[in-house]
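Structure record follows, encoded as structure tokens.
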Amino acid sequence: MSENFEPRIVAFCCQYCSYAAADLAGSMRLSYPPNVKVVLVPCTGRVDPLHILRTIEDGADGVCVAGCLEGDCHFLEGNFKARKRVAYVQRILNEAGVEDARVRMFNIAASDGPGFAEAARMMTETIRALGPNPLSTKTEKMTEEL
Amino acid sequence: MIIAERKPIKELLEMLAGHDKVLLVGCKGCVTVCNAGGVKEVGVLASALRIARRRQGRPIEIDEMTLDRQCEPEFISWLEEPIREKGYTAIMSAACSVGPQYIAERFDKVAVMPALNTKFIGGTLEHEVWAEFCRACGNCGIHNFGGLCPITRCSKGLLHGPCAGSSGGKCEVRPEVDCIWHLIYTRMKNLGQVEKLKALKPAKDWSSYWSGGVRRVVREDLTL
Ligand code: SF4
Ligand code: SF4
């Protein structure tokens, strides 16, 4: 793993909670790793396994799906559906030979700016420890070989 | 409907060994309803296979296409052009196993493989849970059993009442399975027809299932 590896992480954040938390973390001037790129979704229940798989396929080193606290989903149970789908994608990645820890579900309240910063740190650390997306490294290696 | 389930990725990868350009074909019929081989599942599977093959250091190109039905030769024709134009070496079919057989019979230059295991003729128990209801024995006799099929739904296929393992309405073979004989008896009691169950039934004639080779149904009046 290269010393200066900077993970690229895509976070699907729901409009009502975790996106608001990310926003709040910003207004509170909390520092968190810039590795996490936020994609706004109306509800984590909208995140399809295919969104996550394609994100990995396209080279992201990690993907998080961040929704409201359990029981607080604006659409009642979108975050529970998302949790199951994340678990499903983890199983598929395992089967395909990619570490399942690259994909993770978080639940963060809208008022929890520090919680978002902490989740971003945690995810960045996990991915830093895992190293780059094995798909991009393989491709790089192959291009070198050619 | 036909209930199917995706095969493990590992098995599919073994089938695809040596193929670098493949068409993954889904079906909009039964397997879409049971979330095994519709447009979405085809997308997920294609992505998973591409990821796995890149991980193995031998990327694969997988195009996706989902036919209205794969159990109709007419729809299989839609594959002619892509197969002719794109140079696929293999077609992986995500339909019940009728689909891959039709494809295999039609196209003699490409390998054909099933992405799914066709499990049974069944129905929905609850959202995303399916169970077997009929074994297609070819000579339905469920009117003798209150409209419920012991051939399929009794784990031992018993025709003259429950085994000794029926307990609390559940089957001894698997506790989450209803003992169909418990249901048959309850229903016949409600219908006031318990006596009917006591009639000795002759051994099931399985010729409608086994004999005479491949079974066919012909509607003479409607044939062209
Ligand atoms: S009796 Fe035969 S045809 Fe009727 S439901 Fe049972 S297996 Fe199916
Ligand atoms: S417990 Fe009921 S369903 Fe199970 S094998 Fe015995 S009779 Fe059949």
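The values are calculated or read from the model by the stated rules, or taken from the named source; none is laboratory data. The shown structure was predicted, so the numbers you read here are calculated from the model rather than taken from an experiment. The protein model used for the area step is the full one, side chains on, heavy atoms only, and it has no ligands, DNA or RNA in it. Shrake-Rupley method; radii C 1.70, N 1.55, O 1.52, S 1.80 Å.
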Original post:
Which of the residues in region B:47-65 lose at least 50 Å² of accessible area when you go from the chain alone to all protein chains together (probe 1.4 Å)?
Top reply: B:Ile51, B:Arg54, B:Arg55
**OP:** Report the relative contact order of chain B, percent, no decimals, based on alpha-carbon pairs under 8 angstrom and at least 6 residues apart.
**Re:** 17
**OP:** Per residue of region B:49-63, in order, report the coupling 6.51 cos²θ - 1.76 cosθ + 1.60 (Karplus, θ = phi - 60°) as ³J(HN,Hα) in whole Hz, putting x for Gly and Pro.
**Re:** 5, 4, 4, 4, 6, 5, 4, 7, x, 9, x, 10, 9, 10, 8
**OP:** Answer rounded, prolate or oblate for region B:24-133, using the Cα gyration tensor with square roots of eigenvalues a ≥ b ≥ c: rounded when a/c is under 1.5, else prolate when a/b is larger than b/c, else oblate.
**Re:** oblate
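222 nm [θ] for the protein assembly as shown, helices only, -39500 (n - 2.57) per DSSP H run of 4+, per residue, to 500?
After summing the helix terms and dividing by the residues of the protein assembly as shown, the value is -11000 deg cm²/dmol.
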**OP:** Treating the Cα atoms of chain A as identical point scatterers in vacuum, please give the log10 of the normalised Debye intensity I(q)/I(0) at q = 0.10, 0.12, 0.20 Å⁻¹, two decimals.
**Re:** -0.33, -0.47, -1.16
Original post:
With θ set to phi - 60° and the Karplus curve 6.51 cos²θ - 1.76 cosθ + 1.60, what are the ³J(HN,Hα) couplings of region B:31-43 in order, to the nearest whole Hz, using x for Gly and Pro?
Top reply: 6, 6, 5, 8, 6, 10, x, x, 3, 5, 5, 4, x
Original post:
Given a 1.4 Å probe and no ligands, DNA or RNA in the count, how much accessible surface is buried by B and A, both sides, to the nearest 100 Å²?
Top reply: 1700
Original post:
What residue among A:Ala66, A:Ala11, A:Ala25 has the largest mean-square fluctuation in a Gaussian network model of chain A, using Cα springs under 10 Å?
Top reply: A:Ala25
Subject >> Greater than 25 Å apart at Cα, pairs in B:Lys119/B:Lys201; B:Lys119/B:Lys170; A:Lys81/B:Lys7 >> reply: B:Lys119/B:Lys201
Subject >> Spread of Cα-to-Cα distances over 10 Å intervals beginning at zero, given as percent, for region B:135-201 >> reply: 23, 54, 23, 0
**OP:** Principal axes first, then extents: for the Cα atoms of the protein assembly as shown, list largest minus smallest coordinate on each axis, whole Å, largest first.
**Re:** 81, 53, 36
Original post:
Under a no-solvent Debye model with one identical scatterer per Cα of region B:84-207, what's log10 I(q)/I(0) at q = 0.13 Å⁻¹?
Top reply: -0.67
**OP:** Express the carbon and sulfur contribution to the solvent-accessible surface of the protein assembly as shown as a percent, rounded to the nearest whole number, probe 1.4 angstrom.
**Re:** 54
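Accessible area per residue of the protein assembly as shown at 1.4 Å probe, in Å²? Walk me through the numbers before you get to the answer.
Details: 20030 Å² over 370 residues.
Dividing the accessible area of the protein assembly as shown by its residue count gives 54 Å².
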